[in-house]
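Before any comments, here is the structure.
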Amino acid sequence: MKWDVPSVPASQHPVRDSMIIYGVLAIVIVAISGLTGGGWTRAVVVAAAFFVGASAWSWWRSRRRLEQERRR
């Protein structure tokens, strides 16, 4: 069985798209903490740390990828 993968053009704003996803995941962290009875303050701090760390990683990888493409 062979499946054809649809060709989707690369995003023009990969860092922005990643930050949107990370923002949604940070909200999910806070929501799950609130629903399970966790502390709101701790959840917001963890979610903020996750968002900043993941966004920084995404930005760094994107810049590195661009530099490698320029060298080619």
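Figures for the structure shown
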read-out	value
Per-residue HN-Hα couplings for segment 62-71 [Karplus 6.51, -1.76, 1.60; θ = phi - 60°; Hz; x = Gly/Pro]	5, 4, 5, 5, 4, 5, 5, 5, 5, 5
Sparse-neighbour loop sites [chymotrypsin sites (Phe, Trp or Tyr not before Pro); the chain; at most 14 other C-beta within 10 Å; DSSP]	Trp3
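The numbers here are math on the coordinates, done by the rules we state, and not lab data. As the structure is a computational prediction, the values presented were derived from the model and not from experiment. Heads up, the Cβs are rebuilt from the backbone with ideal geometry, glycines too, and the neighbour counts pull from every protein chain shown.
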